[in-house]
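Some notes on the structure that comes next.
The values are calculated or read from the model by the stated rules, or taken from the named source; none is laboratory data. All values reported here derive from a predicted model rather than from experimental measurement. All Cβ positions, even for glycine, are placed from backbone atoms using ideal geometry, and neighbour counts span all protein chains on display. Please note that ligands, DNA and RNA were not included when accessible areas were found on the heavy atoms of the full protein model with its side chains. Shrake-Rupley method; radii C 1.70, N 1.55, O 1.52, S 1.80 Å.
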Amino acid sequence: MGITKLADLIRIDAPSAISHKDISDYTGRIIALDTSIVVNQFRAATPSLSPLAGLFFRTLTLLEHDIKPVFVFDGKPPREKTAVLEKRADAAGWNSANLSGTASSMTLDCLELLKLLGVPVIQAPGDGEALCAKLVREGSVDAVASEDMDTLPFGANVLIRQLNAKRDSDIIEYSLPKLLDSLQITHKEFVDLCILLGCDYCDKISGLGPRRALMLIQQHRTIENVVLHINRKTHPVPPLWKYQEARKLFLELPKTVAPHLIWTEPDEESLVKFLCGVKHIKEARIRHRMETFRQLREKKREDRDKEKASGSHRQARMEDFFRVTRKRPQAVAAAHDVNNYAKRPKSKK
């Protein structure tokens, strides 16, 4: 779920915190990704295909743009998130939610795939988004790519949404320092605002909209003070409200130490053996994508070398200054990375 209506609030009240980017703007950057969110995107976008296919295509797209991805895996979820996870599992038709943090068969498959693609992975002790935020705050990575806005209250200085290779895609970058400056609140006050808006860790005050919540935080600075200045009949406070536990989860950084990050060349033969021999994805499609990956990456590098040698730089496009954010389902972005896989004519091995 993330933070309810936070993106809309930022768009209206803190537009200076938003930048519109092209995927080429992230060349050479290290980007942390919450693996569970990426996998769930592909599950929703292409339920008839294995999410592994989507993860394979998405990762190669990042690598051919010389983006250095780091995939973070969830650990044991905090108990405050139990109700949300059970609700999501029920909506997805699963027998139960994974509350133990034990690696599922899909998680193990993703780990194997990413290892063969040559990209680093990190196991989080709890929520992956919390560790992603810590990595960018420490400077281990340059940004976090996620569709969930709760990466911001966790403290990620730079959040990227809709990071995909579609030509007309609108990659949106959020700056947490600019956001706090624009709203004239501290990070702790921003965390309280996000709890009032609605998060995964506790209930929210009924009937309290985003503009009203922002105004109350700007005036009274803490949830405790806000509660003293609202009409408890029209805005009843949830019984046994665990807002303090939620606040602590957002503000306390995971204790995990980031490992030394190393990227290696994809192992094509092992990828073919794993994806085709074990997961029954057509070999011709894997071979074709790997060849395309090598050609595109080499061409992009040659183009950058020529541009650097000539002393020229990519000019800003007019639409960078007058860009309209299009509302569309998140599934569209995920589906793009696998549409070639789904649409190609069937070929024999």
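In a loop (DSSP other than H, G, I, E, B) and either aliphatic (A, V, I, L, M) or without any contact (Cβ under 8 Å) to a residue 40 or more places away in the chain (or both), is that true of residue 281?
Here the answer is yes, as residue 281 does meet what is asked.
Which condition breaks for residue 143 when tested against (1) in contact (Cβ under 8 Å) with a residue 40 or more places away in the chain; (2) more than 12 Å from residue 32 (Cα to Cα)?
That leaves (2) as the condition not met.
Since residue 69 meets every condition but one in (1) of a type outside the set (A, V, I, L, M, F, W, C); (2) part of a strand (DSSP E or B); (3) modelled with pLDDT under 85, which condition does it not meet?
Status for residue 69: all satisfied but (3).
Of all residues in the range 20-58, how many are part of a strand (DSSP E or B), out of contact with any Lys or Arg (no Cβ under 9 Å at 6 or more places or on another chain) and surrounded by fewer than 22 Cβ atoms within 10 Å (Cβ to Cβ)?
1
If I filter the range 118-126 for residues that are over 20 Å from residue 257 (Cα atoms), touching a Cys at 6+ places or on another chain (Cβ under 6 Å) and part of a loop (DSSP other than H, G, I, E, B), do I get at least one hit?
no
Do we have residue 10 as part of a helix (DSSP H, G or I) and open to solvent by 10 Å² or more (accessible area, probe 1.4 Å) here?
Considered against the rule, which asks whether it is part of a helix (DSSP H, G or I) and open to solvent by 10 Å² or more (accessible area, probe 1.4 Å), residue 10 comes out as no.
Being under 19 Å from the mean Cα position of the chain (by Cα), modelled with pLDDT under 95 and buried (at least 20 other Cβ atoms within 10 Å of the Cβ) is the requirement here; does residue 146 meet it?
Taking the combined requirement at face value, the residue satisfies it.
Residues in the range 262-271: is at least one small (Gly, Ala, Ser), more than 27 Å from the chain's Cα centre (by Cα), on the phi < 0 side of the Ramachandran plot and not in a helix (DSSP H, G or I)?
no
Does residue 251 fit the bill of being open to solvent by 30 Å² or more (accessible area, probe 1.4 Å), of a type outside the set (Phe, Trp, Tyr), touching a strand residue (DSSP E or B) at 6+ places or on another chain (Cβ under 7 Å) and in contact (Cβ under 8 Å) with a residue 60 or more places away in the chain?
no
Counting just the residues of the range 259-299 that are open to solvent by 90 Å² or more (accessible area, probe 1.4 Å) and within 30 Å of residue 125 (Cβ to Cβ), which one comes out modelled with the lowest pLDDT?
It comes out as 260.
Looking at (1) modelled with pLDDT of 80 or more; (2) open to solvent by 30 Å² or more (accessible area, probe 1.4 Å), which is the one condition that is false for residue 61?
Condition not satisfied by residue 61: (2).
Tell me whether the range 33-41 contains one or more residues that are modelled with pLDDT of 90 or more, on the phi > 0 side of the Ramachandran plot and either under 14 Å from the mean Cα position of the chain (by Cα) or not aliphatic (A, V, I, L, M) (or both).
no
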